[in-house]
Amino acid sequence: MNYDMPLYRPPSEAYSMIFQVTLGCSHNKCKFCYMYKTKRFRVKSIQTIEREIEFIAKKGYVFDKVFLADGDALVIKTETMLEILRLIKEKLPFVKRVSAYANPSNILTKSEDELREISKAGLKMLYIGIESGDDEILKLVDKGADSSEIIESIKKARRTGFLTSTTVVLGLGGRERSTQHAVNTAKLINESPPDYLSLLTLMLGPLEDEYREKLGVKWTPLDPIETLVEIREIIRGIDRSGIIFRTNHASNYLPLKGTIAEDKHKLIKILNDAIENPEKFPLTPEFLRGL
Ligand code: SF4
């Protein structure tokens, strides 16, 4: 199988078979995201996708999950997506779950009937980048959706049978907008609680100055403790229950897991301890973040 690199997948898809049904991201404008900047977006032909599925089927590999890459595979036309899911079912009948990244606009431009058909055909999990619940930050970074569109996209995905796994990027608005980022992200989660919520930490390395320039406003990166404060404020603001919460992404300083709001007090206590006594909580050192 020839993958067009770079290739990304969520941490929870580490053992999934990946079919790269699209290349790049149809939006590709978020100022903090460099994942697909080297690729021109395109959807692979159904003939190529079919050949790749057949190739893997003949290999006799064992896996029960499939991830459809690249950045927003749900952008694919409904009839093509249904054909891909049919081919997976026919040629890889042991697959139990198919997942993909989705932009809010991919979800909003499809009708409820189309989405229901797609989820029934086997695409069960959508990974949706919320990034922030704050409209000023979403506009600054050129997310391509505001908070009301993100809220509606999560609600629509859940109504039509998908599991939703969402991500928020810590430090996106910098020190200057940290409070509004946390408060409005918690509000968004309360309005449209996803099944899963993961927090990632912005990692720009040598591209920090370029990011600041692209934003065109004052932006100061958060230090590790300020990042923990941002996490605490997000958790504090969420009052919905049953949301599986993780900060296990390699970019984070402190791995946490639990269910919000059930484990809210436990998580806040850990964060308080780590903020007050960071020496007792060895945070992930910079050189290990991202590995
Ligand atoms: S929509 Fe996602 S993949 Fe596309 S540019 Fe934005 S963050 Fe990157």
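Looking at Lys143, Lys139, Lys89, just one residue is under 24 Å from Lys44 (Cβ atoms), of a type outside the set (Phe, Trp, Tyr), open to solvent by 10 Å² or more (accessible area, probe 1.4 Å) and modelled with pLDDT of 95 or more, and that residue is Lys89.
Taking residues in the range 59-74 that are closer than 22 Å to Thr160 by Cα, and partners anywhere that are among the acidic types (Asp, Glu) and open to solvent by less than 10 Å² (accessible area, probe 1.4 Å), the pairs with Cβ atoms closer than 7 Å and at least 6 places apart or on different chains are Lys65/Glu13; Phe67/Glu13.
For the range 37-57, the criterion of being of a type in the set (Gly, Ala, Ser), surrounded by 15 or more Cβ atoms within 10 Å (Cβ to Cβ) and over 30 Å from Tyr211 (Cβ atoms) is met by at least one residue.
How many residues does the range 181-223 contain that are in a helix (DSSP H, G or I) and closer than 23 Å to Thr259 by Cα? The total comes to 11. When the range 104-140 is filtered for residues that are farther than 15 Å from Val169 by Cβ and in contact with a Gly (Cβ under 7 Å, 6 or more places away or on another chain), the ones remaining, listed by number, are Ser105, Arg116, Ser119, Lys120.
Evaluation of Arg42 against the conditions (1) of a type outside the set (Val, Ile, Thr); (2) closer than 22 Å to Asp142 by Cα; (3) away from the ligand (no atom under 15 Å from the Cβ) shows that the sole unmet condition is (3).
What about Val62, is it touching a helix residue (DSSP H, G or I) at 6+ places or on another chain (Cβ under 7 Å) and either at negative phi or buried (at least 21 other Cβ atoms within 10 Å of the Cβ) (or both)? No, not satisfied.
The values are calculated or read from the model by the stated rules, or taken from the named source; none is laboratory data. Source: prediction; values computed, not measured. Cβ atoms come from the backbone with ideal geometry, glycine included; neighbour counts cover every protein chain shown. Just so you know, the surface numbers come from the protein's heavy atoms only, side chains and all, with ligands and any DNA or RNA stripped out. Shrake-Rupley method; radii C 1.70, N 1.55, O 1.52, S 1.80 Å.
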